[in-house]
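Notes to accompany the following structure.
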Amino acid sequence: MKALFRYFSSIFSAFKSLWTGMRLTFYYLSHPKTILTQQYPENRKTLYIPEAFKGEVVLIHDENNEHGCTACRMCEMTCPNGTIKITSITEETEDGKKKKILDEWIYNLGMCTFCAQCIEACPQNAIKMQNTFEHSVYDRKELIKKLNHPGSKLKSTKKI
Amino acid sequence: MILMIGFKDITLWIHQMLSGYLNPGWVVASEALLVGLAMILLVVIMAVAMIYMERKVAGFMQLRLGPMRVGLWGSMQAFADVLKLLLKECLTPNGADKLLFSLAPFVVLTVSFLALAPFSFAPGLQLWDLNIGVLYISAVSSIGVIGILMAGWSSNNKYSLLGGMRSGAQIVSYELSAGLSIIAIVIMCGSLSIHDIILSQSDGWWIFKGHLPAMFAFVVFVIASTAELNRAPFDLAEAEQELTAGFHTEYSGMQFAMFFLAEYTNMFIVSMVGTTVFLGGWMPFHIVGFEAFNHLMDYVPSFIWFFGKTFFILFLIMWFRWTFPRMRIDQLLKLEWKYLLPLSIINIVIAAFITIMGWHF
Ligand code: SF4
Ligand code: SF4
C-alpha cells in the first residue's frame, strides 16, 4: 500500500515539477521583453553593456593623474598568459631610502583571456576591468598598450 | 461561395479532366504522380514552417531572438540552410559500409513518407482510406528505426553505433505505450479507419468524450511519441553533448538533410495522429448547447482546423524540447516499463469498461 502511494505520488510530483518548468518557459515565450539578445550593429547607439563585462584591463587614474600601482609585479606574476610586463625604475627619496617607481605598465590585449586574476592579485586595487569592447585593430602591435598615462605618478596617500 | 467548393469536387474535377485526355491506365499513373508531388510539396512546406517555428520558439524560450538576419525576422533562414546543405559534399567515411551508409537516409525518409498515406486532411482530401489506417501508421512508422540502426552501424563510428542502439531500445519500448494509448480510443470508437475515427468525433472530440481514460491516453501518447521521435527530453540517440550527433554523426550535405527532413516529417505525422485520434481531425470545435457558437465554428474551413490542431501538438512537442533536460537511458526505460506501460494497460481496461457500459457520449 505504501509502495503504491509512493508510486503515484512520484508521478504527481514529476508532473508538478515539469509543469513548473513549462510555465517558466511559456512565460519567457509570451513576454518578448525578457529577451536578452542585442541586435548589435543596428542598435549601436542604444547598446547596453553590463557594468561587470570584462572588456579590458585598465589602470585606475584619479583626477590628479595619480594611480595606485606600486610596481610590486604581483599582477605580472599571476597572469597565466604573460600579458603584463611591468618595468620600474629605482629612485632615491629625500631621506636616502631606495624606492621602486612604476615606469611602464605594458598590457598586451591580444594575449589577455580576461580571467581577471590580475585584478584579484593586486594588493593596491590599482587595476580594474572596463566594459569597453570593439577592440579590433588592423595591426597586432596596436594591441600592446601602455596603461599608465603620461606624467602620472603614484598616489601620495600614506598607509596607516 | 468559395467555401462551398469541397476538396472532393477539386479532386473529382482533376480526375475528369485527366480522363478526358488519357486512357485509364495513364490516368492512374498521372494521378499517382500528382499525388506524390503534392505530398512532397506538403512535407517540404510543413518542414520549412516547422523549422522556422522551432527556431523561433526555442529562441524566445531561451531569452534569445532566434534567426533574425536572413529575410524579415529571419524567415528565409531555412532556405539558406537548405541551399548550404545542397552545395556541400556528401562525405562517406573510409571504413564505412558504403551501401548501407548511403541507403540509410533513404530508408528513414521513405518510411516517413509511407506513413503519410492514410491521413485525412480535410473532408474528401485523403490519399488512401484504409480500413486499418491507425494500425498501418503505427506499424510503418516503427520501421524507421531500421534506417537509424543502419546509419549507426554502417558509419563505423562508436558514437553513431551507440546512438543507433539507444534509438532502437527507445523506439522498441515506447512503441508499446504509443500504440496502447491509441488503442484506448480505438476501443471507444470501434474502428481503425482514419476516416471513421474522424467522423465519430462530429459530436465532440474524443479527448472530451472519452472522459479520464482519453485524457490519460493523450498524455501518454504525447510522451511516448516524443520519445519515438528521438527528440528532447528523449534525444538520447543524438545527445549532442555525449555522442556528438548520434547516428548521423558521419553524415553531411543532403544525406544529413534527409535525416533532418525525416525527423520533421515524423514530428508532423505524430502530431497528425494525435490530432486525428484525440482532437477530432478536421472536425470543428463544438460545445453542446451553444448553437450560435457552433455555427460560427463551422465557418472556419476544415483544413484550418486540422492544421491548427496539428500545430498545437507540434508546439507542445517543441515546448517540451526546450524546457526539459535529457533523461538518462535507465530513467528512460524506467519511465516506460514501470510507469507508462502498466498505467496504459490499466487505462485500456477502464476504457473498455466505459465503452461496454456506454458511458462515453
Ligand atoms: S585578465 Fe588574466 S590574462 Fe588578462 S592580464 Fe589579467 S591575469 Fe592576464
Ligand atoms: S597593478 Fe597592482 S599588482 Fe600590478 S604592479 Fe601595480 S600594484 Fe602591483
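The values are calculated or read from the model by the stated rules, or taken from the named source; none is laboratory data. The model shown is predicted, which means the values in this text are computed figures rather than measured ones. Please note: Cβ atoms are built from the backbone with ideal geometry, for glycine as well, and neighbour counts cover all protein chains shown. Side chains included, ligands, DNA and RNA excluded: accessible areas come from the protein's heavy atoms. Shrake-Rupley method; radii C 1.70, N 1.55, O 1.52, S 1.80 Å.
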#### Entry: Averaged over B:91-101, number of beta-carbon atoms from partner chains that fall within 10 Å
0
### 20 Å binning of all Cα-Cα separations within the protein assembly as shown, expressed as whole percents from 0 upward
17, 39, 25, 14, 5, 0
### Query
Do the alpha carbons of any pairs in B:Lys88/B:Lys158; A:Lys85/A:Lys155; A:Lys100/A:Lys153; A:Lys16/B:Lys309 sit beyond 18 Å of each other, and which pairs?
B:Lys88/B:Lys158; A:Lys85/A:Lys155; A:Lys16/B:Lys309
## Note on the structure
In whole Å, largest first, the alpha carbons of region B:269-361 cover along the principal axes 52, 39, 20
### Task
Run the dipole for the protein assembly as shown about the Cα centre, Lys and Arg Cβ at +1, Asp and Glu Cβ at -1, nothing else charged, and hand back the magnitude in debye, nearest 20.
1420
### Message
For peptide B:322-331, what's the mean number of Cβ atoms from other chains within 10 Å of each residue's Cβ?
### Response
2
### Query
Which of the chymotrypsin sites (Phe, Trp or Tyr not before Pro) found in region B:226-323 are loop residues per DSSP with 12 or fewer other Cβ atoms within 10 Å of their Cβ?
B:Phe290
### Summary
Output for chain A (equivalent-ellipsoid semi-axes, sqrt of 5λ from the C-alpha gyration tensor, Å, descending) is 51, 23, 15
### Query
Within region A:1-92, which trypsin sites (Lys or Arg not before Pro) sit in a loop by DSSP and count at most 12 neighbouring Cβ atoms inside 10 Å?
A:Arg44, A:Lys45
### Longest to shortest principal axis, alpha-carbon extents of region A:88-145, angstrom
47, 26, 16
### Message
Normalised radius of gyration for region B:123-182, please: alpha carbon Rg relative to 2.2 N^0.38 Å, two decimal places.
### Response
1.46
### Message
Just checking the output field for A:18-30: average partner chain Cβ neighbours within 10 Å of each residue's Cβ?
### Response
5
### Task
With an 8 Å cut-off on Cα pairs and a minimum separation of 6 or more residues, tell me the relative contact order of region B:91-172 in percent.
34
### Task
Give the whole-number value, in cubic angstrom per residue, of the convex hull volume spanned by the C-alpha atoms of region B:297-343.
112
### Query
Name the chymotrypsin sites (Phe, Trp or Tyr not before Pro) in region A:78-160 that are in a loop by DSSP and that have at most 16 other C-beta atoms within 10 Å, would you?
A:Phe114, A:Phe133, A:Tyr138
### Folded to 0 to 90 degrees: helix A:2-30 orientation relative to chain A principal axis, Cα
60
## Note on the structure
Per residue, the convex hull enclosing the Cα atoms of region B:169-244 spans a volume in Å³ of 94
## Note on the structure
The base-10 log of I(q)/I(0) that the Debye equation returns for region B:103-251 at q = 0.10, 0.13, 0.17, 0.20 Å⁻¹, one scatterer per C-alpha, is -0.41, -0.65, -0.96, -1.15
## Note on the structure
Unit-weight point scatterers at every alpha-carbon of region B:83-185, Debye formula, q = 0.12, 0.16, 0.22, 0.25 1/Å: log10 I(q)/I(0) is -0.54, -0.83, -1.12, -1.26
### Task
Using only the Cα atoms of region B:1-97, construct the convex hull and provide its projected area averaged over every direction, in square nanometres to one decimal.
12.7
## Note on the structure
Here the relative contact order (percent) of region B:22-160, from C-alpha pairs under 8 Å and at least 6 apart, is 19
### Summary
In terms of the charge dipole of the protein assembly as shown, which places +1 on Lys and Arg and -1 on Asp and Glu at the beta carbon, the residue among A:Ala116, B:Val145, B:Leu86 farthest towards the positive end is A:Ala116
### Message
How large is the Rg to Rh ratio of chain B when both quantities use alpha carbon positions and Rh follows Kirkwood?
### Response
0.98
### Query
Over chain B, what is the relative contact order in whole percent, taking alpha-carbon pairs under 8 Å and six or more residues apart?
21
### Task
Taking the Cβ of B:Val57 as the centre, find all other residues whose Cβ is under 15 Å away and add up their charges (Lys, Arg: +1; Asp, Glu: -1).
+4
### Query
Which value, in Å³ per residue, describes the convex hull spanned by the Cα atoms of region B:155-197?
73
#### Entry: Label-point separation in nm, B:Glu242 to A:Lys2, each point 7 Å along Cα→Cβ
3.3
### Message
In 5 Å bins starting at zero, report the fraction of Cα pairs in region B:227-297 per bin as a rounded %.
### Response
4, 14, 15, 16, 12, 8, 8, 8, 6, 5, 4, 1
#### Entry: Solvent-accessible heavy-atom area per residue, rounded to whole Å², over chain B at 1.4 Å
47
### Message
Based on C-alpha coordinates, I'd like the Rg and Dmax of region A:39-117, in Å.
### Response
17.3, 60
### Task
Working from the alpha-carbon coordinates of region B:275-316, get Rg over Rh, Rh being the Kirkwood radius.
1.01
### Query
Which residues make up the longest stretch of chain A clear of GluC sites (Glu not before Pro) that lie in a DSSP loop with no more than 13 other Cβ atoms within 10 Å, not counting the sites?
A:1-41
